[in-house]
1. Measuring from label point to label point, each 7 Å out along Cα→Cβ, what is the Asp110 to Leu196 span in nm?
2. Hey, rough spin-label estimate for Arg78 and Asn119, points 7 angstrom out along Cα→Cβ, what's it come to in nanometres?
3. In 5 Å bins starting at 0, how do the alpha-carbon pair distances of the stretch 85-223 split up by percent?
4. Return the calculated 222 nm mean residue ellipticity for the chain, to the nearest 500 deg cm²/dmol, obtained by summing -39500 (n - 2.57) across DSSP H runs with n ≥ 4 and dividing by the residue count.
5. Provide Tyr134, Tyr165 in ascending order of the number of other Cβ atoms located within 10 Å of each residue's Cβ, fewest first.
6. Rounded to the nearest 20 Debye, what is the dipole magnitude of the stretch 5-78 about its Cα centre when Lys and Arg each give +1 and Asp and Glu each give -1 at the C-beta?
7. Can you figure out the FRET efficiency of Arg210 with Ala38, using R₀ = 22 Å and their beta-carbon distance, to the nearest 0.05?
8. Restricting things to alpha carbons, tell me how big the stretch 146-287 is in terms of Rg and Dmax, in Å.
Amino acid sequence: MADVIWGLATSHVPSIGAAMDHGKTDEPYWKPLFDGYAPARKWMQDHRPDVAVVIYNDHANSVGLDLVPAFGLGTAERYPVADEGWGRRPVPPVIGSPELSAHLVRELIDDSFDIATFNQLDVDHGLTVPLSVYCPDPGDAWPCAVVPLLVNVIQYPQPTAARCYALGQALGRAIRSFPQDLRVAVFGTGGMSHQLAGARAGMINEPFDRMFLETVESDPARLTALTREDYIREAGTEGLELIMWLVMRGALGPNIRRISDGYHVPASNTAAGIALFEVMDRNGSVVG
Ligand code: DHB
Ligand code: FE
């Protein structure tokens, strides 16, 4: 049977990817951020998954505003890297896991999550930057297959935090019912506080971010009680991306152990957060 072995939460700021692509990670602006990634990266190197389910949002780069599903799941064999206007990032194409995708779509629909299917999808920074956070030097190929799970965080009304957490719980059940022995990691991407436009552009709310970073481990139910308006007020219009961390958290189940975390301001306009959790079983033993 498949298992969820760990969960990674990470911001997906495009310039974090650009800093890696252009060899700037040792520059004074970027070094503290990348130094903060080191412990998580080392641990993940030693605990490699077969597949990563990456919860992310497209930023109207390859999924236009003509059709905005609340939730969607990629079912393709391969996901080209999107050109977001300045050429494709120089990273490998993303290889899918169509069999696992087909299983997850069916299980989620049977579990009352009427999820859209993306049989063709270019993936933007929301997905490729977290992959680079996991694996900074992929060479010709990423070290695992990927199943993209999309959440609408850009057009009102976005799904509630509670619904995202419940989706994550259903996702965890669906992964664990896949009959093949697969080690699956779940990525929750986006956040932390940021707002890219309007009168509050550039806002950062460190107390809220630090509360979220702590509470996502210890009391996710408290975070599901917040409305989308609460998230936007406290974390900014784009800070609402944090609801995608709750999908990841739901998939991990109740017994987890924090491996590492980090918080750094600024990364572009964003408070960049990272948190890595290992999944334990009911008896406190490591899963996987
Ligand atoms: C930035 C952050 C994001 O989450 C994003 O999707 C695009 C840009 C930024 O801070 O620059
Ligand atoms: Fe974003």
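Rule-based calculations on the coordinates, nothing more; no lab input. All values derive from a computational prediction rather than experimental measurement. All Cβ positions, glycine included, derive from the backbone under ideal geometry; neighbour counts span all protein chains shown.
1. Going by the 7 Å Cα→Cβ label model, 3.8 nm.
2. Each label point lies 7 Å from its Cα, and together they span 1.8 nm.
3. That works out to 2, 7, 14, 18, 21, 17, 13, 7, 1, 0, 0, in percent per bin.
4. After summing the helix terms and dividing by residue count, I get -10500 deg cm²/dmol.
5. Tyr165, Tyr134
6. Using Cβ point charges on Lys, Arg, Asp and Glu, the stretch 5-78 gives about 200 debye.
7. That gives a FRET efficiency of 0.60.
8. My reading of the Cα-based Rg and Dmax gives 15.3, 51 Å.
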